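Scroll down for the structure; my scribbles are underneath it.
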Amino acid sequence: MSEQSAMKKVVILFSGEGHNMEAIIKKLHKKVQEGAKNCHGIAIVAAVTNNPDAGGIKRAQTLDVPVAVLDHKAFESRESFDRELISCVKSYHPDLVVMAGFMRIVGPQFTQTFRAVNIHPSLLPRHKGAKAIEQSFQSGDRVCGVSVHHVTEELDSGAIILQESFERSGEDTLESFTAKIKSIEHEIYAKAIKKLLCD
Ligand code: GRF
């Protein structure tokens, strides 16, 4: 077996800046996972986006990860986009699909076809949905954090894989609070992926 074929394959889905994707690629891509029981390593075989203007396209390409663009606006229905997305992702034979700021809701066909995970900027089940950082910040929650979870048909509701929390400071602004969340995200997503695929 070649080193490459012994690697677990990951496809990342993203829609925006791709900072989480970049952190994952830098931490995991083709690195030998010392002490791992179930893999020699992890290869990010492709990054797929629904947004032709996503800043993450350049980030992935700079790190030598091939990018596929499937503009959802070019499809007449959610189902037809989902079908094309499934066929595109399948062509890379991933062991795991990693959603990193992918701003499309996927249908049951997708969740039944792939093992997929997502990162969410709150301590789920608190603050599901697209405004999680703002809602966490405005809430009275003393402890806030980040969750990595399995993707199921129900938005932000799959089983938790890893969570990390922090105690909020009264001095935090939305900006400093967001920076804390992002820095946790960039650490725990790679850890969670490694745990799932290799430990
Ligand atoms: C992250 O905050 C993630 O939690 C959420 O979308 C954001 C993506 O940011 N699901 P980036 O594209 O990784 O910079």
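For a quick check of your reading of the model, give me the residue pairs whose first member lies in the range 127-144 and is surrounded by 13 or more Cβ atoms within 10 Å (Cβ to Cβ), whose second is modelled with pLDDT under 95 and hydrophobic (A, V, I, L, M, F, W, C), with beta-carbon atoms closer than 8 Å and at least 6 apart or on different chains.
Lys128/Leu155
Restricting to the range 93-123, and then to whatever is assigned to a loop (DSSP other than H, G, I, E, B) and buried (at least 21 other Cβ atoms within 10 Å of the Cβ), can you tell me which residue is farthest from the ligand (Cβ to nearest atom)? Walk me through how you get there before you give the answer.
We begin by selecting, within the range 93-123, every residue assigned to a loop (DSSP other than H, G, I, E, B); these are 93-95, 100-107, 114-115, 121-123.
Add one more test, that the residue is buried (at least 21 other Cβ atoms within 10 Å of the Cβ), and what stays is 94, 100-102, 106, 121-122.
On the way: Pro94: 19, Ala100: 5, Gly101: 3, Phe102: 7, Val106: 13, Pro121: 4, Ser122: 9 Å.
Per the criteria, the residue is Pro94.
If we keep just the residues of the range 131-164 that are within 13 Å of the ligand (Cβ to nearest atom) and assigned to a loop (DSSP other than H, G, I, E, B), which is nearest to Phe177 (Cα to Cα)?
The qualifying residue nearest to Phe177 (Cα to Cα) is Lys131.
Taking the stated definitions as given, is Ile119 farther than 22 Å from Val11 by Cβ and within 14 Å of the chain's Cα centre (by Cα)? Quick ask: steps written out before the conclusion?
Numbers: farther than 22 Å from Val11 by Cβ: no; within 14 Å of the chain's Cα centre (by Cα): yes.
Answer is no for this residue.
If you check Asp172 against the conditions, is it more than 20 Å from Glu22 (Cβ to Cβ) and within 11 Å of the ligand (Cβ to nearest atom)?
On the way: more than 20 Å from Glu22 (Cβ to Cβ): yes; within 11 Å of the ligand (Cβ to nearest atom): no.
So Asp172 fails the test.
Given the conditions (1) farther than 30 Å from Pro108 by Cβ; (2) out of contact with any helix residue (DSSP H, G or I) (no Cβ under 8 Å at 6 or more places or on another chain), report the number of the one that Gln135 does not fulfil.
Among (1) farther than 30 Å from Pro108 by Cβ; (2) out of contact with any helix residue (DSSP H, G or I) (no Cβ under 8 Å at 6 or more places or on another chain), the lone unmet condition for Gln135 is (1).
So Lys31 ticks every box in (1) farther than 27 Å from Ala130 by Cβ; (2) in contact (Cβ under 8 Å) with a residue 24 or more places away in the chain; (3) more than 16 Å from the ligand (Cβ to nearest atom) but one. Which box is left unticked?
(2)
Please list, ordered by first then second residue, the pairs with beta carbon atoms under 7 Å, 6 or more apart or interchain, first in the range 156-172 and under 14 Å from Ile119 (Cα atoms), second assigned to a loop (DSSP other than H, G, I, E, B).
Cβ pairs passing all conditions: Asp156/Leu124; Asp156/Lys128; Asp156/Gly129; Gly158/Val151; Gly158/Thr152; Ile160/Leu124; Gln163/Leu123; Ser165/Leu123.
The values are calculated or read from the model by the stated rules, or taken from the named source; none is laboratory data. Computed from a prediction, not measured in an experiment: that's the story for all the values here. Heads up, the Cβs are rebuilt from the backbone with ideal geometry, glycines too, and the neighbour counts pull from every protein chain shown.
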